[in-house]
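In what follows, a single structure is set out as structure tokens and then discussed.
The values are calculated or read from the model by the stated rules, or taken from the named source; none is laboratory data. Note that the coordinates shown come from a computational prediction; the quantities given were computed from them, not determined experimentally. As a convention, Cβ positions derive from the backbone with ideal geometry for all residues, glycine included, and neighbour counts pool all protein chains shown.
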Amino acid sequence: MEKVLEKHLDETFRLPGVAGVLCADENGLCLAAKGVAEKSASGNIASIAKQAAQLHPNSSTPPVICIESETGSVLIKSEDDITMAIYKSSPT
């Protein structure tokens, strides 16, 4: 599974505008990180995904969270027991 995860992270990291990617398990343990994604943020990212899911508990699909700043944005989504964050840089 680790090689498959690394392959998906590499493919995502190569997309235009992507500055970093991070995967965490349901407990916030960092499974992998690339680019600007800080491994230490994995717990916070998993927590944000859990909290956002509680806003619509009857939804059949997990929410996609977008956090924006002046320097870029972070997209967060949980699927099954994995949470993924994609860091995108703002065009200059």
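Tabulated data for the structure shown
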| item | result |
| --- | --- |
| Only listed residue being at pLDDT below 90 and either in contact with a Phe, Trp or Tyr (Cβ under 6 Å, 6 or more places away or on another chain) or within 27 Å of SER90 (Cβ to Cβ) (or both), chosen from LEU55, LEU9 | LEU9 |
| Of all residues in segment 53-83 being among the polar types (S, T, N, Q) and in contact (Cβ under 8 Å) with a residue 24 or more places away in the chain, the one that is farthest from GLY20 (Cα to Cα) | SER78 |
| Which numbered condition ILE86 misses (of (1) at pLDDT 95 or above; (2) under 20 Å from LYS3 (Cα atoms); (3) surrounded by fewer than 14 Cβ atoms within 10 Å (Cβ to Cβ)) | (3) |
| Only listed residue being over 12 Å from the mean Cα position of the chain (by Cα) and either surrounded by 13 or more Cβ atoms within 10 Å (Cβ to Cβ) or in contact (Cβ under 8 Å) with a residue 12 or more places away in the chain (or both), chosen from LYS39, LYS3, LYS50, LYS7 | LYS50 |
| Candidate set from segment 67-82 (those that are closer than 21 Å to ARG14 by Cβ and out of contact with any Phe, Trp or Tyr (no Cβ under 6 Å at 6 or more places or on another chain)); member that is surrounded by the most Cβ atoms within 10 Å (Cβ to Cβ) | ILE76 |
